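Below is one structure, written out as structure tokens, with a few remarks after it.
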Amino acid sequence: MQKLPQSYGKGKIYMKLFDSELKIMGVLWKEGDVTAKHISDVLKEETGWNMNTTYTLIKRCIKKGAVARSEPHFMCHALIPREQVQEDETRAFIDRIYDGSADKLFAALLGKKKLSAEQIEKLKGIVDELE
């Protein structure tokens, strides 16, 4: 088993995964270690991609350090946890769109929507956990 790429973890550099690469990762996160052919079959059904497209994207993920390949049968293993990618993508989005301000993001999300008392309590609980 390979270590996480140096670009992940506390104080590490953010690795950009494009939407197409996230589709590859999505199959691995959902199904665990599978063959490249299986990923290709799943994504052909979901997106219409042919095998060459999927294999090119898998190889790109391998080169970036997001996926490990092993033999036999071109087995693929996700090296990056979904939660880490979600955290990094969220942070990048907030930095890019809201100048790094999470409170501006929440204001935009909640500004025009009426929340139930239950939803408000849930949000308060999340904020309390962060403090």
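Compute the relative contact order of the chain as a whole-number percentage, counting only Cα pairs closer than 8 Å that sit 6 or more residues apart in sequence. For the chain, the relative contact order is 22 percent. Here segment 1-100 is assigned +1 on the Cβ of each Lys and Arg and -1 on the Cβ of each Asp and Glu. Its dipole about the Cα centre then comes out at about 400 debye. Take the Cα of Arg91, step 7 Å toward its Cβ, do the same at Glu118, and the gap between the two points is 3.4 nm. Cross-linked pairs Lys23/Lys113; Lys16/Lys44; Lys16/Lys122; Lys23/Lys59; Lys23/Lys63; Lys23/Lys104: Cα-Cα separations exceed 19 Å for Lys23/Lys113; Lys16/Lys44; Lys16/Lys122; Lys23/Lys104.
Every number in this text was worked out from the coordinates using simple rules, so none of it is lab data. This is a predicted model, so every value here is computed, not measured. Backbone-built Cβ (ideal geometry, glycine too); neighbour counts: all protein chains shown.
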